[in-house]
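One structure below.
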Amino acid sequence: MRRILLVVTLAVLVSIAGCSGFGGNTAEPSSDTGNTLESEDPAVNATATNQTVRIEATESVVGSEWESLSVTYPRENFTVDSAQHGEIVLGVDTNGDGSVDRTFNETHISGVNNNDYSFTIELETGYTFESGDAIVAEYPAVDNPAEAGEYTVAVTLNEAQTTNGTITVTDEEQV
């Protein structure tokens, strides 16, 4: 009986320690939190695909104005081209129902910077993050890698919250 109690206690401690590893500004996306990364065309070598990012605001940004969003892909795999302000779609799901409740357009974008593997959108939204907000952004100019697989992508809000997520690239062409 003591051995079972010891094993159960150890399992609980390990699981708690594992959860605390996500502390600070980094969280692992899951279907429970609503964080996602998707490509309109997940096929290998697809070009100028529309990539959608959905990330929930955490305590590190709640109460601050939405000023920036950065997405960094694996350097050796993805290519990010420049996009015009009007091609970028931005919004916030404020009530967690999966649909965008507040939208922002090119007038809220003060700059878009990109290099071969990342993009940063600088914003002047006047919008203050609240607990439970999920930020949604579509960026239309990402080329997928030549190999299928799951790739880790870093998403950063206001240079204060970074969340790592996974985007899947497949061998199958989008029909």
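At-a-glance table
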| item | result |
| --- | --- |
| For Asn105, net neighbour charge (Lys/Arg +1, Asp/Glu -1) across residues whose Cβ lies under 13 Å away | -3 |
| Estimated vicinal HN-Hα couplings, Hz - segment 62-78 in sequence order (Karplus 6.51, -1.76, 1.60; Gly, Pro = x) | 4, x, 9, 6, 6, 10, 7, 9, 10, 10, 10, 8, x, 3, 7, 10, 9 |
| Rounded percent of accessible protein surface that carbon and sulfur make up, segment 36-169, 1.4 Å probe | 38 percent |
| Local electrostatic count at Glu124 - Lys and Arg +1, Asp and Glu -1, tallied over other residues with Cβ under 10 Å | -3 |
| Among 84-95, 52-63, the order from most to least packed when residues are scored by Cβ within 10 Å on average | 52-63, 84-95 |
| Candidate residues Glu147, Glu138: accessible-area rank, largest first, probe 1.4 Å | Glu147, Glu138 |
| Solvent-accessible area per residue, Å², over segment 36-169 with all protein chains present [probe radius 1.4 Å] | 45 Å² |
| Student exercise, segment 112-175 dipole from Lys, Arg, Asp, Glu Cβ charges, in Debye to nearest 20 | 200 debye |
| Among Ala160, Tyr127, Ala57 - extreme Cα towards positive end, dipole of segment 36-169, charges at beta-carbon | Ala160 |
| Cβ-based net charge around Asn114, under 14 Å, with every Lys or Arg adding one and every Asp or Glu removing one | -4 |
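The values are calculated or read from the model by the stated rules, or taken from the named source; none is laboratory data. Every value quoted in this text rests on a predicted model; they were computed, and no experiment measured them. When we count neighbours, we look across all protein chains shown, and the Cβ atoms used for this are built from the backbone with ideal geometry, even at glycine. Ligands, DNA and RNA are excluded from the accessible area calculation, which covers all protein heavy atoms including side chains. Shrake-Rupley method; radii C 1.70, N 1.55, O 1.52, S 1.80 Å.
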